[in-house]
1. With respect to the numbered conditions (1) open to solvent by 40 Å² or more (accessible area, probe 1.4 Å); (2) farther than 22 Å from Ser25 by Cβ; (3) part of a strand (DSSP E or B), which one is the sole condition not fulfilled by Phe47?
2. Is it the case that some residue within region 101-115 is modelled with pLDDT of 95 or more, outside any loop (DSSP other than H, G, I, E, B), open to solvent by less than 20 Å² (accessible area, probe 1.4 Å) and more than 19 Å from Arg19 (Cβ to Cβ)?
3. Does region 70-90 include one or more residues that are open to solvent by 40 Å² or more (accessible area, probe 1.4 Å) and within 12 Å of the chain's Cα centre (by Cα)?
4. When you scan region 49-92, how many residues do you find that are farther than 18 Å from Val2 by Cβ and in contact (Cβ under 8 Å) with a residue 60 or more places away in the chain?
5. Which condition does Gly85 not pass, out of (1) part of a strand (DSSP E or B); (2) at positive phi, if it passes all the others?
6. Can you tell me which residues in region 91-100 are among the aliphatic types (A, V, I, L, M), open to solvent by 10 Å² or more (accessible area, probe 1.4 Å) and modelled with pLDDT of 95 or more?
7. State which residue is nearest to Pro88 (Cα to Cα) when the search covers only region 1-32 and only residues that are open to solvent by 20 Å² or more (accessible area, probe 1.4 Å) and of a type in the set (D, E, K, R).
8. Could you tell me which numbered condition Gly35 fails, if it satisfies all but one of (1) free of Cβ contacts under 8 Å to residues at least 40 places away in the same chain; (2) surrounded by 22 or more Cβ atoms within 10 Å (Cβ to Cβ)?
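The values are calculated or read from the model by the stated rules, or taken from the named source; none is laboratory data. Note that the structure is predicted; figures quoted are calculated from it, not measured. Ideal geometry is used to build each Cβ from the backbone, glycine not excepted, and the neighbour counts take in all protein chains shown. Just the protein is used for accessible areas: all its heavy atoms, side chains included, with ligands, DNA and RNA removed. Shrake-Rupley method; radii C 1.70, N 1.55, O 1.52, S 1.80 Å.
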Amino acid sequence: QVLLVESGGGLVAAGGSLRLSCAASGRSFSSYAMGWFRQAPGNEREFVAAVSWSGRSTDYADSVKGRFTISRDNAKNTVNLQMNGVKPEDTAVYYCAGAAGRLAERVRDKYPYWGQGTQVTVSS
């Protein structure tokens, strides 16, 4: 079993930056990939970014590519999402997710482990 706890959400002005963190416990952290998803009111939960078990491979949704950076520290059992140049459309609850396997995945069903979510609000 895996327990994931997000932190770092809040209110930020458009164009600003925010850093989300996720602390993992339970199953060996370096044995699985990690991802970030988000869900805005009335919308489906959507893929944001993913990182492989080693951190060497990453993937991003087109909407955040070039603005967000995902990284992981296997020694500290953490994964981060650095959000730069945020836009009002980035407003959502952001969820940290642990994958079943080692590869960075975009598909929500590949992630059996989920955090409770952290709210990110971008003001215009």
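1. Only one criterion in (1) open to solvent by 40 Å² or more (accessible area, probe 1.4 Å); (2) farther than 22 Å from Ser25 by Cβ; (3) part of a strand (DSSP E or B) is unmet by Phe47, namely (1).
2. Scanning region 101-115 turns up no residue that is modelled with pLDDT of 95 or more, outside any loop (DSSP other than H, G, I, E, B), open to solvent by less than 20 Å² (accessible area, probe 1.4 Å) and more than 19 Å from Arg19 (Cβ to Cβ).
3. Kept after step one, since they are open to solvent by 40 Å² or more (accessible area, probe 1.4 Å), are these residues of region 70-90: 71, 73-77, 82, 84, 87-89.
Pick out the ones that are also within 12 Å of the chain's Cα centre (by Cα) and you get 71, 82.
Among the residues of region 70-90, at least one is open to solvent by 40 Å² or more (accessible area, probe 1.4 Å) and within 12 Å of the chain's Cα centre (by Cα), which makes the answer yes.
4. Residues flagged as farther than 18 Å from Val2 by Cβ and in contact (Cβ under 8 Å) with a residue 60 or more places away in the chain within region 49-92 amount to 7.
5. (1)
6. As a first pass, look at region 91-100 and keep what is among the aliphatic types (A, V, I, L, M): 92-93, 97, 99-100.
With the extra rule that they be open to solvent by 10 Å² or more (accessible area, probe 1.4 Å), the set shrinks to 93, 100.
Within region 91-100, just Val93 meets the criteria.
7. If we take residues in region 1-32 being open to solvent by 20 Å² or more (accessible area, probe 1.4 Å) and of a type in the set (D, E, K, R), then Arg19 is nearest to Pro88 (Cα to Cα).
8. Here Gly35 meets the rest and fails (1).
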